[in-house]
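Everything on this sheet refers to the single structure shown next.
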Amino acid sequence: SQTIHQWPATLVQPVGSPLSLECTVEGTSNPNLYWYRQAAGRGLQLLFYSVGIGQISSEVPQNLSASRPQDRQFILSSKKLLLSDSGFYLCAWSPDGTPLMTQYFGPGTRLLVL
Amino acid sequence: KQEVTQIPAALSVPEGENLVLNCSFTDSAIYNLQWFRQDPGKGLTSLLLIQSSQREQTSGRLNASLDKSSGRSTLYIAASQPGDSATYLCAPLGSARQLTFGSGTQLTVLP
């Protein structure tokens, strides 16, 4: 069966510090991968999605970036965090290269920028 | 740009009641629509997916309907239980192949 992992689960970082969040999927090949952010009191916002290694599409201009160094690994990064980067970050995957199937979400990383 | 509205924002009901959660979306050109459940501080769990050609889907005590032309979906929960307490999110998959989420309905089922 397929599983999706995210770490860390919780992170507290000072403004201006770098960020690296990791997401890995097991039990499938060539998944579509997604990064979402859920800010307090707001809905889920798609940040990045990837249909293959090295292929990243950005939905929202910001100081965040994403990379997909391996088929089942998706990384969210920032060189300098802002207060507004605080939120709940969710990684998701959908199977077999088609985005029409259901998306499966990881447990999330709660980020607090102070 | 797709916009999704969920009504009500919050709902509190006694155990055993049947209830309906509403979702409306502005762009009817969708591939499918999903309903998710989110427990506090947790990720999302997919409950039901309705393809654009379908009118409804059922899973246990849950029934979701879709009226694509009017931009509406409803999630019906029968015989609600305290374990159903969570935030329910709907998300249509649009022409850009992206899910757009509503802000959710926070459901509390009182024992």
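Residue under question is A:V60, and the condition is that it be within 22 Å of B:Q98 (Cβ to Cβ), open to solvent by less than 20 Å² (accessible area, probe 1.4 Å) and among the β-branched types (V, I, T); does it hold? No: the conditions fail for A:V60.
Within the range B:33-60, the residues that satisfy the criterion of being without any contact (Cβ under 8 Å) to a residue 24 or more places away in the chain and open to solvent by less than 50 Å² (accessible area, probe 1.4 Å) are B:G41, B:G43, B:S46, B:L49, B:I50, B:S52. Summed over the range B:23-51, residues that are polar (S, T, N, Q) and within 9 Å of chain A (Cβ to nearest Cβ) total 6.
Residues in the range B:6-19 that are open to solvent by 70 Å² or more (accessible area, probe 1.4 Å) and either free of Cβ contacts under 8 Å to residues at least 60 places away in the same chain or in a strand (DSSP E or B) (or both): B:I7, B:S12.
Scanning the range B:60-108 for residues that are at positive phi and within 11 Å of chain A (Cβ to nearest Cβ) turns up B:R97, B:G104. For the range A:63-93, the set of residues classified as open to solvent by 40 Å² or more (accessible area, probe 1.4 Å) and either under 21 Å from A:G43 (Cα atoms) or of a type outside the set (D, E, K, R) (or both) consists of A:N63, A:S65, A:S67, A:P69, A:Q70, A:L82, A:L83, A:S84, listed by residue number. Taken over the range B:26-84, the criterion of being over 30 Å from A:C23 (Cα atoms) and of a type in the set (F, W, Y) is satisfied by B:Y76 alone. Looking only at the range A:51-92, count every residue that is in contact with a helix residue (DSSP H, G or I) (Cβ under 8 Å, 6 or more places away or on another chain) and under 19 Å from A:T3 (Cα atoms) and tell me the total. Residues flagged as in contact with a helix residue (DSSP H, G or I) (Cβ under 8 Å, 6 or more places away or on another chain) and under 19 Å from A:T3 (Cα atoms) within the range A:51-92 amount to 2.
Cβ-Cβ contacts under 8 Å between residues 6 or more apart (or on different chains), taken from a first residue in the range B:85-106 that is touching a residue at least 60 places away in the same chain (Cβ under 8 Å) and closer than 14 Å to A:Q38 by Cβ to a second residue that is among the β-branched types (V, I, T) and part of a loop (DSSP other than H, G, I, E, B), are listed as B:A91/B:T100. For the range A:31-83, a residue qualifies if it is among the charged types (D, E, K, R) and either assigned to a strand (DSSP E or B) or over 26 Å from B:C23 (Cβ atoms) (or both), and the qualifying residues are A:R37, A:R68, A:D71, A:R72, A:K79, A:K80.
Take the residues in the range B:20-31 that are modelled with pLDDT under 95 and assigned to a strand (DSSP E or B); name whichever of them is least open to solvent (accessible area, probe 1.4 Å).
Per the stated criteria, the residue is B:I30.
Being open to solvent by less than 50 Å² (accessible area, probe 1.4 Å) and among the charged types (D, E, K, R) is the filter; apply it to the range A:1-50 and report the residue that is farthest from B:L99 (Cα to Cα). That would be A:E22.
The values are calculated or read from the model by the stated rules, or taken from the named source; none is laboratory data. Here the structure is a predicted model, which is why all the values come from computation and not from measurement. In this analysis, Cβ positions are derived from the backbone assuming ideal geometry, glycine residues included, and neighbour counts consider all displayed protein chains. Just the protein is used for accessible areas: all its heavy atoms, side chains included, with ligands, DNA and RNA removed. Shrake-Rupley method; radii C 1.70, N 1.55, O 1.52, S 1.80 Å.
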